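Here is the structure we will look at.
Just so you know, all these numbers are worked out from the coordinates, no wet-lab data involved. None of the values given here were measured: they were computed from a predicted structure. Reconstructed Cβ throughout: ideal geometry from the backbone, glycine too, with neighbour counts over all protein chains shown.
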Amino acid sequence: MCGDSALCKVVLGTTKWSRVVNGTDRELEMKELHWKSMIAKGSQTCQFHGDYSSAWGFIDIILRRFALDSVLEIQKELVIDKKSIPETKAGKELRYTLQQALEMQKRILDFRGHGSQENNQDFKEQLDEARQKMEKIAKQIQDLKIPAPRRIRTFLGL
């Protein structure tokens, strides 16, 4: 009914625990005979005792699995789509940031080319702002550096 790929999202519940004497034996039988293939493919079992806390036990399992299914877009692009960082949406955004950095450097050089403006307070403020942005961008680039062994492993598909 669900398909094998969805079995990791299935929670098999046992009920009527207040009515049975050997409930754990029956549950073990269900797990070993009837649910074995489902459990092997990721399904999980949970006991429902007809109370508030056991109901939340089911919900907790479902929410934990939902959280595991929530991956970042960059994770999907890097792992599933096998893109390199510059090919990801985040990497493309960084590329635009780098272009802005180059434009700022060009502006700094243009300002420095005009010697009379070096005493201008407005020029000094713009220069400080550009330097701060450049330092921030340099830090972002440094944070993105991937160690060589990891790059080689990724290249080789290991």
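Numerical summary
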quantity	calculated
Segment 4-69: radius of gyration and largest Cα-Cα distance (Dmax), Å	12.6, 38
Cα→Cβ-extended label distance, 7 Å offset, between residue 22 and residue 124, nm	9.0
Contour excess over end-to-end distance, with Cα ends at residue 105 and residue 36 and 0.36 nm allotted per residue	18.4 nm
Magnitude of the charge dipole, segment 1-94, Cβ model with Lys/Arg +1 and Asp/Glu -1, debye to 20	100
